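*Asks:* First the structure, then my questions, so here it is.
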Amino acid sequence: MPAEGRTGGREITSHIDISTPSIARMYEYLLGGAEHYQVDREACAELLRVAPSAVSVMRNSRAFLERAVRCLAAEHGVTQYIDFGVGLPARENVHQIAREYVSEPRVVYVDIDPMAVAHGRLVLEEDQGTLVLGADITRPNDVFDDPRVVPLLQARPTAALFGSVLHCLSDEQRPAEVVAQVRERLAPGSFVVISHLVSDDEHDRREISALMAELTGGRWGRVRQRAEVEAYFAGTRLLEPGVTDAREWRPDGRLQPPQGTDEWTGWCGVARI
Ligand SMILES: C[S@@+](CC[C@H](N)C(=O)[O-])C[C@H]1O[C@@H](n2cnc3c(N)ncnc32)[C@H](O)[C@@H]1O
């Protein structure tokens, strides 16, 4: 099995395992994309049994991330982005959204999933301003110090995007510390964007988290509580409307599927650090 390297105690491999569902491919399936296998679709069917709103929640979380990038590029002129846990290429990717408003954006896309990295290199590495890195976000300094990243990112305001990725980290992987370490490496005036699956119901949190861990062979963290996500923003200046449901963060009128059940939701915010 060819390996690119070892980081965060988890091997970053280029081997695509189609016997175990992958978070990237399950998410792709729930978003309505085409890059997934039978195991991923079967895993999504199981997830939908305990979390029937999964399609709506994922699509609303994705739509939030796209609105956040639009806001940062259009209203704050942000030209640099690091997309931690990019997933498989989307219909509208960060550099494509940003360049509607700023010229020559620079974007580093990071993922641990070999298929996300391989497809990302084919689709997202369009020019000198975009780079796809196979890396583990639990070691953010490896990302910032990568010899391909160093010349790409200048010392200027940068947006660190954590779209639906921090709930993939266990408590032992210290997601709050990951966010803090990233914040330390960013230039003054930078931004952090977070969306995270949350639930008010302890039973739902446990059931969904246990199922996702089982389905993905342990590559999953936890559905958390709202306050835990809000704590990631401690010491920042939140943009209006603060940390909120994905559906309520600056809606732009584009239609998303309504959320029929309330077992979980996407909890989101954008802040200047
Ligand atoms: C649910 S997808 C989110 C995709 C995208 N950020 C969005 O919001 O639409 C989560 C992605 O995070 C990646 N991921 C999970 N744990 C990771 C880690 N430790 N390091 C890097 N990527 C990770 C998964 O492979 C997956 O592609």
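The values are calculated or read from the model by the stated rules, or taken from the named source; none is laboratory data. None of these values were measured; they are calculated from a predicted model. So basically every Cβ, Gly included, is an ideal-geometry build from the backbone, and we count neighbours across all protein chains shown. These area figures cover heavy atoms from the full protein model, side chains too; ligands, DNA and RNA do not enter into them. Shrake-Rupley method; radii C 1.70, N 1.55, O 1.52, S 1.80 Å.
*Asks:* On the given criteria, is A176 modelled with pLDDT of 95 or more, assigned to a loop (DSSP other than H, G, I, E, B) and among the hydrophobic types (A, V, I, L, M, F, W, C)?
*Replies:* So A176 fails the test.
*Asks:* When you scan the stretch 42-57, do you find a residue that is in contact with a Lys or Arg (Cβ under 6 Å, 6 or more places away or on another chain) and open to solvent by less than 40 Å² (accessible area, probe 1.4 Å), even just one?
*Replies:* Taking every residue of the stretch 42-57 in turn, none turns out to be in contact with a Lys or Arg (Cβ under 6 Å, 6 or more places away or on another chain) and open to solvent by less than 40 Å² (accessible area, probe 1.4 Å).
*Asks:* Same structure, new question: Which of the residues that make up the stretch 64-122 are closer than 28 Å to T20 by Cβ and hydroxyl-bearing (S, T, Y)?
*Replies:* The answer is Y109, and nothing else.
*Asks:* To continue, here is another question. Please work out which residue is least open to solvent (accessible area, probe 1.4 Å), limiting yourself to the stretch 162-172 and to residues that are within 13 Å of the ligand (Cβ to nearest atom) and over 22 Å from L88 (Cβ atoms). Spell out the reasoning first.
*Replies:* Just the residues of the stretch 162-172 that are within 13 Å of the ligand (Cβ to nearest atom), to begin with: 162-170, 172.
Those left that are additionally over 22 Å from L88 (Cβ atoms): 170, 172.
Details: S170: 27, E172: 148 Å².
This residue is S170.
*Asks:* Right, something else. Can you tell me which residues in the stretch 208-242 are surrounded by 13 or more Cβ atoms within 10 Å (Cβ to Cβ), in contact (Cβ under 8 Å) with a residue 40 or more places away in the chain and not in a helix (DSSP H, G or I)?
*Replies:* Passing the criteria: T216, R219, W220, G221, R222, V223, R224, Y232, F233, T236, L239.
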